[in-house]
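Enquirer: The following block contains the structure, expressed as C-alpha cells.
The values are calculated or read from the model by the stated rules, or taken from the named source; none is laboratory data. For clarity, every value in this text was computed on a predicted model and none was experimentally measured. Reconstructed Cβ throughout: ideal geometry from the backbone, glycine too, with neighbour counts over all protein chains shown. Quick note on the areas: whole protein, heavy atoms, side chains included, nothing else; ligands and nucleic acids left out. Shrake-Rupley method; radii C 1.70, N 1.55, O 1.52, S 1.80 Å.
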Amino acid sequence: MNTIYQQLIRSLEAEGYRAKTVPVVWLTELNRALCEMQKTNIFDKLFSENCLSYFNYDPLCTLQKAASVLITAIPQPMIRPGFVYEGTRKTVALPPTYLADKDRKRVTDIVTDTLKPHGYSAARFAAIPLKLLAVCSGLSRYGRNNITYIPEFGSYYTLYAFLTDLTADEDPWQAPARMDLCDTCDMCRQSCPTGSIPFDRDIIRAENCLTYFNESEEPFPDWIDNTWHNAIVGCMRCQEVCPANRGRLKTIERPDAFDEEETRMLLCGREFDSLPQKTKDTLEDLGLSFSYRSGVFSRNLKAALANAKCSE
C-alpha cells in the first residue's frame, strides 16, 4: 500500500477508528450491483425511490482527479437521555450512529492533516451505499439483518467516506459477504417487531423496518403497534440480541437531560428557535437538532416514552 495511506490508516487506528481504501474505479461496480438488485424488484418501489435514488457514483462531481475511496468506521455508544414525563423520569435510547459529529470532525482532521503536507486532498463522499462499500472493501461483513459488523465494534459504529486524489496501491475489493454465525442463527429475525428479516432471502424487507418509518416524516402506518417503539429514532431490537454484539455496546446515561417543562415543549413540537437556549444546546449536543427540526422527534418521543421504563 502507498506509504502515505499506511501512515493515514495507522493514524486513524491509533484514535480507535478503522479504515480501508479502494480504487475509485470500483464505484462503477457498486452502481452496477445495486442496479441489478433493483431490477429484481427485491426492493419496494417506494423505498427505492425514497432511500436509493439519491446515490451519485460520479467521483468527479465531488473531487477532481479522484483516485481512491477511503471508508472509515467510527465506534459509537448508545446514549440514554432522560425526560421528566408526567412527574416521572424516564430514559429513552438514542442508538449508535446518530451521534458522531465530533468524531467525524476528528476523522476529517486526521485525513486532511495527513494528506495535505504531501500535496493531496480529500472530500467527504456521502451519496453512495456506505454499507455495501464497507463490506466490499473488507472493512466489515453483513449480518442477517443487513446491518454491517466489525469484530471489535460489533454493529455499533457509523461509516464515513472520503474521496482522495491519492492512488491506492492496495485493492482489497471482494464480493459482499455475511458473517458465518448468521448461517445458524436467526435471533435478529425472531426479535424484529415488524417481521422485516426473512429467513429465505439475503435482503431484509427494508420497507417494513421500524427505522424506515421513524426516520420518515410520514405518519406511522396503522399496522405499527405502539409497543414496538423503543428509541427516539431508529430501533435496537435486532442489534440487542445479536451474538456478534455481546459485550460491545457502551452506554452513556444522561438522566438529567430534559426537565418536565422541556419535555412538554419537545412533545408539543415547539419551534426549535423558540426553545430555551439550554434545551437547544442539549439537542445539539445529542445530535438531535436535525430530527427535531424535521418534526419526527416529537412524534417518536411520544411513542417511545409510552414504553420507556422509569430511571428512578
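Enquirer: Going by the conditions given, is THR194 open to solvent by less than 70 Å² (accessible area, probe 1.4 Å) and in contact with a strand residue (DSSP E or B) (Cβ under 8 Å, 6 or more places away or on another chain)?
Expert: On the way: open to solvent by less than 70 Å² (accessible area, probe 1.4 Å): yes; in contact with a strand residue (DSSP E or B) (Cβ under 8 Å, 6 or more places away or on another chain): no.
For THR194, the condition - open to solvent by less than 70 Å² (accessible area, probe 1.4 Å) and in contact with a strand residue (DSSP E or B) (Cβ under 8 Å, 6 or more places away or on another chain) - is not met.
Enquirer: Which of the residues that make up segment 11-24 are open to solvent by 10 Å² or more (accessible area, probe 1.4 Å), more than 16 Å from LEU166 (Cα to Cα), not in a loop (DSSP other than H, G, I, E, B) and not hydroxyl-bearing (Ser, Thr, Tyr)?
Expert: GLU13, ALA14, ARG18 - these are the residues of segment 11-24 that are open to solvent by 10 Å² or more (accessible area, probe 1.4 Å), more than 16 Å from LEU166 (Cα to Cα), not in a loop (DSSP other than H, G, I, E, B) and not hydroxyl-bearing (Ser, Thr, Tyr).
Enquirer: Could you tell me how many of the residues in segment 186-215 are of a type in the set (Ser, Thr, Tyr) and either under 15 Å from the mean Cα position of the chain (by Cα) or closer than 24 Å to GLY82 by Cβ (or both)? Write out each step before concluding.
Expert: If we filter segment 186-215 for residues that are of a type in the set (Ser, Thr, Tyr), which is where we start, we get 191, 194, 196, 211-212.
Pick out the ones that are also either under 15 Å from the mean Cα position of the chain (by Cα) or closer than 24 Å to GLY82 by Cβ (or both) and you get 211-212.
Looking only at that region, the number is 2.
Enquirer: From LEU70, LEU99, which residue is open to solvent by 10 Å² or more (accessible area, probe 1.4 Å), within 24 Å of the chain's Cα centre (by Cα) and closer than 30 Å to LEU249 by Cβ? Break it down stepwise before answering.
Expert: Working: LEU70 fails: open to solvent by 10 Å² or more (accessible area, probe 1.4 Å).
Result: LEU99 is the single residue among LEU70, LEU99 that is open to solvent by 10 Å² or more (accessible area, probe 1.4 Å), within 24 Å of the chain's Cα centre (by Cα) and closer than 30 Å to LEU249 by Cβ.
Enquirer: Can you say whether LEU305 is out of contact with any Lys or Arg (no Cβ under 9 Å at 6 or more places or on another chain), in a helix (DSSP H, G or I), buried (at least 18 other Cβ atoms within 10 Å of the Cβ) and at negative phi, as far as the supplied structure shows? Full working, then the answer.
Expert: Numbers: out of contact with any Lys or Arg (no Cβ under 9 Å at 6 or more places or on another chain): no; in a helix (DSSP H, G or I): yes; buried (at least 18 other Cβ atoms within 10 Å of the Cβ): yes; at negative phi: yes.
No, not satisfied.
Enquirer: Which residues, counting only those in segment 273-291, are open to solvent by 10 Å² or more (accessible area, probe 1.4 Å) and within 19 Å of the chain's Cα centre (by Cα)?
Expert: Listed by number, the residues that qualify are GLU284, ASP285, GLY287, SER289, PHE290, SER291.
Enquirer: If you go through segment 25-67 one residue at a time, how many are within 30 Å of ARG201 (Cβ to Cβ), open to solvent by less than 70 Å² (accessible area, probe 1.4 Å) and out of contact with any helix residue (DSSP H, G or I) (no Cβ under 8 Å at 6 or more places or on another chain)?
Expert: Here is the first cut: in segment 25-67, the residues within 30 Å of ARG201 (Cβ to Cβ) are 25-57.
Okay, now just the ones that are also open to solvent by less than 70 Å² (accessible area, probe 1.4 Å), so 27, 29-31, 33-35, 37-38, 42-44, 47-48, 51-52, 55-57.
From the residues that got through so far, the ones that are out of contact with any helix residue (DSSP H, G or I) (no Cβ under 8 Å at 6 or more places or on another chain) too are 31, 35, 37, 42, 56.
Number of matching residues: 5.
Enquirer: Does ASP222 satisfy the condition of being open to solvent by 60 Å² or more (accessible area, probe 1.4 Å) and either outside any loop (DSSP other than H, G, I, E, B) or under 28 Å from THR40 (Cβ atoms) (or both)? Quick ask: steps written out before the conclusion?
Expert: Numbers: open to solvent by 60 Å² or more (accessible area, probe 1.4 Å): yes; either outside any loop (DSSP other than H, G, I, E, B) or under 28 Å from THR40 (Cβ atoms) (or both): no.
In short, no.
Enquirer: Of everything in segment 121-140, what is touching a helix residue (DSSP H, G or I) at 6+ places or on another chain (Cβ under 8 Å), surrounded by fewer than 20 Cβ atoms within 10 Å (Cβ to Cβ) and not polar (S, T, N, Q)? Give them in sequence order.
Expert: ARG124, PRO129, LEU132
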